[in-house]
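A short worksheet on the structure shown next.
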Amino acid sequence: MRLKSIIAAVIVSVTLIPVIFMFIPLRMVYSVSEKTELQNYAGTADILTGIIEQKGAYYHSFTADWGSRDETYRFIMQGNDAFMKDGLNDFIFDQIGTQFMIFLGRDYTEYYSAYADECAPYVEELVRVIRKNKSYIEKLAFSKRKFMILGMPSAGTPVLLSVSPVKPANPDKPAGGFIFMGHVIDQKFLTEIYSGYGFERGSSRVSLSASSAYVKESVNSIISVELLSRDTAKISLTLKELSGKSVLSLFFPIKRESNMAITHTLHLSYLIFSSFSLLVFILSAFVFRKIIIEPAETLAVHSAKSAEGKPLLKEINQRFYPVEMRLISASMKKIAEKNDKMEKNLLEISNTDKLTRIANRRFFDEIFLYEWNFAKRIKRPLGLLIVDLDDFKLYNDDYGYSAGDKCIAHMAGIIKSSLKRNTDIIARYGGEEFIILLPDTDLAGAAKIADDILTEVRSAAVPHSISFKEKIMTVSIGLCSMIPENTDTKEKLLLEADKALYEAKKNKNCAFSFNTL
C-alpha cells in the first residue's frame with residue numbers, strides 16, 4: 001500500500017509540478033512585455049504633447065520675426081497705416097495658417113487686428129481674455145517661452161496664443177507693444193493637426209484617474225496612459241493655462257495589438273501545456289494500473305515502465321519554450337517597428353542641418369519665400385549672400401573627409417557669429433556652400449556684412465597648407481540686393497548672387513557684387 005502511495009505521488013508530481021511552475025516564467029514574460037508596451041505608449045503620449053508644442057513654436061517664429069522689425073515698431077509707435085496693405089490678411093491666413101494677428105500697445109490699446117473668417121465668433125472674447133491675463137502675457141513675452149494656452153469661458157474653448165514684444169532695433173528703447181498670433185483650439189483644429197500624424201481623437205471629456213499607469217506634467221499640458229482592458233488603452237491629454245487650471249481634456253484610444261497577441265499566445269501556451277500534462281497523467285496512470293497493480297511485476301520491470309513518461313516530458317519542454325519565445329520576439333519586433341516609424345516622421349520635420357547645427361536648405365527655402373513676398377509687399381530691399389569655402393576639395397584631399405566635416409561646422413559657426421541681427425538667416429546650401437538672407441538690407445549693407453565675414457574668417461586663421469592663394473582657409477562671397485517688383489521672382493535674386501559668386505571665385509578670398517539691381 002505504501003508503494004502504491006509513493007508511486008501515485010510521483011505520478012501526480014511529475015504531471016502537476018511542471019504545470020504549476022510553468023506559470024512563473026510565463027508571468028514574468030507577460031510583466032516584462034507590459035512594461036515595454038507602457039514605455040512605447042509613454043513615448044506616444046510625449047509625441048502628442050510635442051505636436052501642440054511644435055504648433056505653438058511655429059506661430060512664435062513669426063511673432064518673434066515680426067516683433068523684431070523696425071516697420072512693426074514704427075507702426076505701433078506712429079500708427080503708420082502703410083505697414084498694413086490690401087491682401088496682407090490673405091497672406092497671413094493662407095501662408096502662415098494663423099487664425100488671427102493682433103497688435104496691442106504697451107498699455108494693451110488695440111492698434112490693429114486681423115481675423116480669419118472662422119475666427120469671427122471669438123473676436124471680442126480674444127482681446128478681452130488677453131487683457132484679463134496681461135500679467136501672464138508680460139511674463140511670457142519677455143521669457144524664453146514660445147506660447148501659452150488661455151481659456152475663453154464665454155466661447156467655451158481655449159486658444160493657443162503666441163506673443164512677442166514689438167522691439168526697436170535700438171536695445172535702449174523699451175518695447176512698444178505686443179504682437180499676437182495663434183489658433184482657437186476647436187474640434188476642427190485638433191482633428192487637422194492630429195490626423196496628420198495618424199492619431200484619431202476621442203470626443204468625450206476625460207480626466208486623470210487612479211488607474212493611470214503613466215502620468216507626466218509639463219507647463220502647458222498633462223499626459224497620462226491608462227490600460228483600460230486587455231485590448232484597449234487610452235492616452236489622455238489635458239491642456240492647461242499657466243495658472244495650472246485645466247481648460248480642455250482629450251483622449252486618444254489605442255488598440256493594444258501587441259498585448260492581445262501576447263495574451264493569445266499565453267492562453268494557447270497554457271492550453272497546449274495542460275493538454276500534454278493531461279496526456280502524461282493518463283499515460284502514467286495507465287502504466288501504473290497495468291504495469292504496477294495488475295501484473296504485479298517485479299520492481300525492476302515496474303521501474304523500467306514508469307520511466308517511459310520522462311522522455312515525453314522532456315520533448316514537450318524542448319518544443320514548447322522556443323516557440324513561445326519566437327512569438328513574443330515577433331510581437332516585440334512589430335512594436336519596435338511602429339515606434340521607429342513614428343520617430344522617423346518627427347525627424348523628417350526637423351529644420352536643422354545635422355553637421356553644422358544651422359538651418360538646412362528646406363527650411364531656408366520656406367523662409368526665403370516668406371521674406372521675398374514680404375519685401376515685395378512693403379517695397380523694401382532684400383539682400384542675399386552665397387559663401388563658398390575656397391579650395392575645399394584640396395583641403396579634403398590633404399586633411400581627410402573627417403577633418404573636412406569639422407572644418408565646415410567650424411566655418412559655419414564663424415560665419416554665423418558675423419551676423420548681428422536675429423532676422424538674418426544663415427543656412428547650409430550645399431556641401432561647403434552657405435547662403436545668407438538679409439531682410440531690409442540694401443547692397444551697401446550686404447557688402448558690409450560680407451566684409452565682416454571675410455575679416456572673421458581671416459582672423460580665425462584655419463590652417464590650409466595647400467591653398468592656392470594663402471595658407472589658411474578663405475571664402476569667396478557673391479552678394480546682391482534688390483527691391484522686388486511685381487514681375488520679379490526670387491530665382492532672379494538667387495541667380496544674381498550665384499553669378500557674383502562665380503566672379504568672386506576667380507580671385508578667391510573676396511566678395512563680389514553686380515550693381516545692376
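Ranked by accessible surface with a 1.4 Å probe, highest first, in what order do H464, H410 come? Walk me through the intermediate numbers first.
Values: H464 0, H410 100 Å².
The ordering from most to least exposed comes out as H410, H464.
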Distance histogram for the range 409-458 (every C-alpha pair counted, 5 angstrom bins, percent rounded to whole numbers): 4, 20, 32, 28, 13, 2
If you count, for each residue, the other Cβ atoms within 10 Å and average over each peptide, how do 477-484, 160-167 line up from highest to lowest? 160-167, 477-484
Model label zone, F363; criterion: amide N under 18 Å from point 7 Å along Cα-to-beta-carbon; scope the range 39-77: 50-66
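Taking 0.36 nm per residue of sequence separation and subtracting the Cα-Cα distance, how much length would be gained by fully extending the chain between I378 and R145, in nm to one decimal?
Numbers: separation 233, 0.36 × 233 = 83.88 nm, distance 2.97 nm.
Extra length available between I378 and R145 comes to 80.9 nm.
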Can you find, among A409, G383, A427, the residue sitting farthest towards the positive end of the charge dipole of the range 383-494, where Lys and Arg contribute +1 and Asp and Glu -1 at Cβ? A409
Length gain on complete extension for the stretch V32 to S246, per 0.36 nm per residue less the alpha carbon to alpha carbon distance? 73.6 nm
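Near E432, within a Cβ-to-Cβ distance under 11 Å, what is the net charge of the other residues, with Lys and Arg +1 and Asp and Glu -1? Kindly include the intermediate steps, with their values, before the conclusion.
Details: positive: K393, R428; negative: D388, D390, D391, D405, E433.
Combined, the nearby Lys, Arg, Asp and Glu give -3.
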Distant-in-sequence amide H partners of T441 (H built 1.01 Å from N, under 5 Å): L382, G383
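Among the trypsin sites (Lys or Arg not before Pro) in the range 223-267, which ones are in a DSSP loop with at most 12 other Cβ atoms within 10 Å of the Cβ? Mind listing them?
Loop-located and lightly packed - R230, K245.
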Please report the spacing between the Cα centers of the range 128-200 and the range 496-512 in Å, no decimals. 44
Violations at 29 Å Cα threshold for listed pairs K354/K393; K255/K341; K139/K376; K188/K416; K234/K354; K144/K354 -> K139/K376; K188/K416; K234/K354
At 7 Å along the Cα-to-beta-carbon direction for both H267 and S113, put a label point, then send me their distance in nm to one decimal. 5.8
In range of the label at K132: residues from the range 159-195 whose backbone nitrogen is under 12 Å from the point 7 Å along Cα→Cβ: 159
Pairs of Cα atoms under 8 Å, at least six residues apart: use those to get the relative contact order of the range 228-269, whole percent. 40
Say each of L283 and A175 gets a label point 7 Å from the Cα, pointing the same way as Cα to Cβ; how far apart are those two points in nm? 8.1
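The values are calculated or read from the model by the stated rules, or taken from the named source; none is laboratory data. Small disclaimer: the values here were computed from a predicted structure and weren't measured. FYI the Cβ positions are ideal-geometry reconstructions off the backbone, even for glycines, and counts take in every protein chain you see. Only protein heavy atoms, including side chains, enter the accessible area calculation; ligands, DNA and RNA are left aside. Shrake-Rupley method; radii C 1.70, N 1.55, O 1.52, S 1.80 Å.
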